[in-house]
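Right, one structure below, let's go through it.
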Amino acid sequence: MSNTTASTSDQVININNLSLTFQTSDGPVFALSDIDLDITRGDFVSFIGPSGCGKTTLLRVIADLEKATEGNISVNGVTPEQARAQRAYGYVFQAASLYPWRTIAKNVALPLEIMGLSSAERKKRVAHNLELVNLAGFEKKYPWQLSGGMQQRASIARALAVEPDLLLMDEPFGALDEIVRDHLNEQLLALWAKTNKTVVFVTHSIPEAVYLSTRIVVMSPRPGQIHDIIESDLPKDRTLDIRETPEFLALANRVRDGLRAGHSYDEDE
Amino acid sequence: MTKMNSKRGFRYSFVPVMVVLCVIVVFWYLAAVFLNLPWQRDIYERAGNTEYSVTELVSGTLSQERPVLPSPHQVAQEVYKTTVEKKITSKRSLIFHSGVTLSSALLGFALGTVLGIVLAVAIVYNRALNKSLMPWVIASQTIPILAVAPMIIVVLNAIGIQGLLPKAFISMYLSFFPVVVGMVKGLNSPEVSHSDLMRTYNASAAQTFWKLRLPTSLPYLFTSMKVAVAIAMVGAIVAELPTGAVAGLGARLLAGSYYGQTIQIWSALVMASLLAALLVVIIGWIGTLVNRRMGMSPHG
Amino acid sequence: MVDATHAQFESAVQEKMPAGVRTGTQKSLLLAALIFSLLAFVAGLISVLSKSELAINPISSLVLLLAAAATWQRQALSHWLYAGVYLIATTIAVVLVLHHLEIMQSTSFADTAIMASLSKSGYWLTVVAAWLMAWLAVEHLSAVNSLSRITNRVLSFIIPLVFGVWLLLLWEFITSGAGVPQVLLPSPSLIAERFSNSIPILVADFKQTFLKAVLIGYAIGCSAGFVVAILIDRSPFLQRGLLPIGNLVSALPIVGVAPIMVMWFGFDWPSKAAVVIVMTFFPMLVNTISGLAAASSMQHDLMKTYAAGYWQTLFKMRLPQALPFIFNALKINSTLALIGAIVAEFFGTPIVGMGFRISTEVGRMNVDMVWAEIAVAAMAGSLFYALLALIERMCTFWHPSMRT
């Protein structure tokens, strides 16, 4: 479990010419086509695009939940499969995906049990990470006794408990209402600033992408590909008020234009 | 949320259930009077008694020794007499007979459940078994398996296996199928994101089994165990028919039908129903507890 | 340690394996088949020395041996090809082994006891080798990863078929080869013989039990359950009362009413039909009630906005919604009805009927006749069920469980 290769380079994720084609009974589906992308340590990268543009698929390829059919990808300098075996990343799903028969504490401890950590270490990490997402005191509760936002926070704590440098998040706040989502976005930014992790974040909300990210990857569907990569020049410590500033709106407009252009691409279909 | 509903549901259906039960009892009495009337008239005619009042006639129909349809209180009396008043060791004690049937049903149920779980795990973890054996398991549910009961009993008797085991074997055979089907469904029921989560942790198949698949399958297991325990009871009763068994509820039914002892048949039937209901309720109750602990139910 | 378990359960993940790459299970099966067919060949070859008639013995194992050896080192072949080679080899071997079985059953098939036992062990080893190879074929067929729906349909039919045929063959090989007493377990060939010799009896029994008792009782019981459910539909009070009772009664050993029905309605089929009616009534009642309650409040509101009346709502929305539930009851009841009719016949019948035949032939130790009767019951049961499933598919094609 040495990270020597990774630490020499600042590139966490390296994607070259990557394509993924699903073979179905209705013929091939080009989920991803010709993806080139590098993600640097400490980045907060968002994938944004309409449904079917492959943003979730790309995240799943990084996580080794799908296999690319062509091209190269490395995570921490190794293949995604090896990275997964090293537990190099934490993954947050769209639904909280907490196991309903485990308490919140037991849910957060789940990956630690699988890694074979001692119970003392597990206890320490569970307490620490629940603290981090403001869920201290809810250890003994079952997931269904918590609100949707709290459940999603617990699932973030579960992803952080592995102590990964890389956090992969697949529309984690997509199922929540706007008010809760704003709140969690703020907390996530604070968390990111505190822990200095690399975050790859899938979303279909323009304000969310612009508010959170240092880089925004705009994707377009059929075949799923990268339409544009937008660097954000917003300051690193942001509050929700930044969404009223002209800089923010300019960025949001760029993203919106990109999405529109990507969409008109296949309007003739 | 489903739990809240079912809790409210219990209180909300209690009164209607009681009312319906009362209506059934009333109908039972009416039917008993009506069905036993011809025979009672016959008795009076033969005795030359032409002057009988309606009340005499009705009470007569409800206290015949071998009525076409015994009245509820006759059955209740018989059950009481043969459970409370007879010694358990007595051949006429219904508790003794129930015990015989219950022990083979429970033994068979336990064996069938264990076997079913083991086979389900094998099917889920072996693609070839899943594709080759599973269709047969499902198809065999459409076959009247109970028809083989007499043969199994006689054949096992022929090779010297007697008593509890052959009957338990039939109960096992019958309760095994629903458990396999339910358990396979349950082991395959984890949500995609739940299994993906295990994959992101690089969990071994054994870890995924113990931490995800087994817990998720438990509600399905209990649902099928309810079916299994009911059918195990039927199996034990039917298994007592062909050999002219001397003990057990099935033997009571058979003996009662030979000698026209309708009250005995009905009391055996009531006892069998009570036992089956009790078993189903107990399993269902454990299942509800487990479901609540699991925070889910197979019906969503 | 963890890695070992992982490898062991690899097949469970059902990952997409590239075509033609063997899994561990397949490799070990092939090795086992190779070893057994080699041993069988050697044993068979020696036994030929005693009698040339036994030449069939080494030939059958040779076929298997060649198939195993020819595919031994090939890694790049497709699963189809592997499965095809193994299936053809086992089919040839099985035909030859069946022939060998005939020779073995004639009394003096070998000169000396040693030769006889050698020939016999050749037989058993060949059976094991052929069985291993058939299993291997199934493993390969299951590993086929096809995108075409038709191929998958055909596969989902062939794989269980191969399995079922092999179950029958093993049954035949073991019962005939080991001389299992007929009372204990007759061989399939004996059962088939008995079956074809007693078709008139079987048909008469089928008519008495299935066409009369089962079908009539089923029709009356199911319609009664349905009608009662509709009748009490307007009374939530009765529904609340009847639903828990019906659920409980469905789990009770209702077959037990058989002796009572026989007393009331006599020995002939009406008493059996009565048992079937009682058994099928409650599942239908309970399912129809829950089916009629399945429509969501939103759908009810929609009908309300159309100012639809009770009957319009019932026929246009609630009954179609209830169809999956109703078919569920129809399917459950098809099995229950057969069980009820057969078991009721154990309590007394005229001298015809499937249950009657089973109980009397068991008493006479004519086990092969019992098996023939069970075969009829199994076929009737599964065909009845299949027919219902087919109708269900046509009526409830829109239901999520039917869409593929």
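The values are calculated or read from the model by the stated rules, or taken from the named source; none is laboratory data. Bear in mind that the values here come from a model prediction, so they are computed numbers and not experimental data. Cβ atoms come from the backbone with ideal geometry, glycine included; neighbour counts cover every protein chain shown.
Condition check for C:TRP264 on (1) in contact with a Leu (Cβ under 9 Å, 6 or more places away or on another chain); (2) within 12 Å of chain B (Cβ to nearest Cβ); (3) buried (at least 19 other Cβ atoms within 10 Å of the Cβ): one failure, at (3). Name the residues in the stretch B:196-210 that are out of contact with any strand residue (DSSP E or B) (no Cβ under 6 Å at 6 or more places or on another chain) and within 10 Å of A:PRO111 (Cβ to Cβ), would you? Answer for the stretch B:196-210, where residues must be out of contact with any strand residue (DSSP E or B) (no Cβ under 6 Å at 6 or more places or on another chain) and within 10 Å of A:PRO111 (Cβ to Cβ): B:LEU197, B:MET198, B:TYR201, B:ASN202, B:ALA203. The one condition from (1) among the hydroxyl-bearing types (Ser, Thr, Tyr); (2) within 12 Å of chain B (Cβ to nearest Cβ); (3) surrounded by fewer than 21 Cβ atoms within 10 Å (Cβ to Cβ) that A:SER119 does not meet is (2). In the set A:LEU166, A:LEU160, only one residue is in contact (Cβ under 8 Å) with a residue 40 or more places away in the chain and in contact with a Ser or Thr (Cβ under 7 Å, 6 or more places away or on another chain); that residue is A:LEU166.
Scanning the stretch C:231-238 turns up no residue that is within 7 Å of another protein chain (Cβ to nearest Cβ) and crowded, with 20+ Cβ neighbours inside 10 Å.
Across the stretch C:289-315, the number of residues qualifying as assigned to a helix (DSSP H, G or I) and of a type outside the set (D, E, K, R) comes to 17.
Considering B:SER71, B:SER53, B:SER90, the condition of being more than 13 Å from every other protein chain (Cβ to nearest Cβ) and more than 26 Å from the chain's Cα centre (by Cα) is satisfied by B:SER53 alone. Counting only helices (runs of 4 or more DSSP H) that sit wholly inside the stretch C:194-257, those with at least 2 residues that are under 26 Å from the mean Cα position of the chain (by Cα) are C:199-206, C:215-231. Note on the stretch B:23-142: enclosed helices (runs of 4 or more DSSP H) holding 1 or more residues that are closer than 26 Å to B:GLY163 by Cα are B:72-80, B:94-125. Scanning the stretch A:118-130 for residues that are of a type in the set (A, V, I, L, M, F, W, C), outside any helix (DSSP H, G or I) and at pLDDT 90 or above turns up nothing.
Check off (1) closer than 19 Å to C:ALA32 by Cβ; (2) at pLDDT below 80 for C:ALA93 and give me the number that stays unchecked. If we test C:ALA93 against (1) closer than 19 Å to C:ALA32 by Cβ; (2) at pLDDT below 80, just (2) comes out false.
Where in the stretch B:187-273 are there helices (runs of 4 or more DSSP H), lying wholly inside it, with at least 1 residues that are within 8 Å of chain C (Cβ to nearest Cβ)? The qualifying helices (runs of 4 or more DSSP H) are B:205-208, B:214-239, B:249-259. Taking the criterion of being within 15 Å of C:ALA274 (Cβ to Cβ) and either more than 10 Å from chain B (Cβ to nearest Cβ) or among the aliphatic types (A, V, I, L, M) (or both), would at least one residue in the stretch C:355-378 satisfy it? No, that holds for no residue. Residues being assigned by TED's automatic domain parsing to the domain that holds A:VAL218, in a loop (DSSP other than H, G, I, E, B) and either surrounded by fewer than 23 Cβ atoms within 10 Å (Cβ to Cβ) or among the charged types (D, E, K, R) (or both) are entirely absent from the stretch A:135-147.
Being among the polar types (S, T, N, Q) and either buried (at least 20 other Cβ atoms within 10 Å of the Cβ) or touching a helix residue (DSSP H, G or I) at 6+ places or on another chain (Cβ under 7 Å) (or both) holds for only one residue in C:THR305, C:THR313, and it is C:THR313. For the stretch B:110-136, residues that are surrounded by 17 or more Cβ atoms within 10 Å (Cβ to Cβ), among the hydrophobic types (A, V, I, L, M, F, W, C), within 10 Å of chain C (Cβ to nearest Cβ) and within 27 Å of C:LYS331 (Cα to Cα) total 5. For the stretch B:172-184, the condition holds for no residue, the condition being that it is assigned to a helix (DSSP H, G or I), at the interface with chain C (Cβ under 9 Å from one of its Cβ atoms) and surrounded by fewer than 24 Cβ atoms within 10 Å (Cβ to Cβ).
Picking from residues in the stretch B:143-161 that are outside any helix (DSSP H, G or I) and either at negative phi or in contact (Cβ under 8 Å) with a residue 40 or more places away in the chain (or both), the one that is farthest from the chain's Cα centre (by Cα) is B:ILE159. Just one residue in the set A:ILE104, A:ILE114 is closer than 30 Å to B:MET294 by Cβ, at pLDDT 90 or above and not assigned by TED's automatic domain parsing to the domain that holds A:ILE15; that residue is A:ILE104. Of all residues in the stretch B:162-169, none are in a helix (DSSP H, G or I), at pLDDT below 85, surrounded by fewer than 18 Cβ atoms within 10 Å (Cβ to Cβ) and within 12 Å of chain C (Cβ to nearest Cβ). Only residues that are within 9 Å of chain B (Cβ to nearest Cβ) and hydrophobic (A, V, I, L, M, F, W, C) were counted in the stretch A:81-95, giving 3.
Counting only helices (runs of 4 or more DSSP H) that sit completely within the stretch A:1-98, those holding 1 or more residues that are surrounded by fewer than 17 Cβ atoms within 10 Å (Cβ to Cβ) and hydrophobic (A, V, I, L, M, F, W, C) correspond to A:80-85. A residue that is aliphatic (A, V, I, L, M) and either in contact with a His (Cβ under 7 Å, 6 or more places away or on another chain) or away from every other protein chain (no Cβ under 11 Å) (or both) cannot be found anywhere in the stretch B:142-152.
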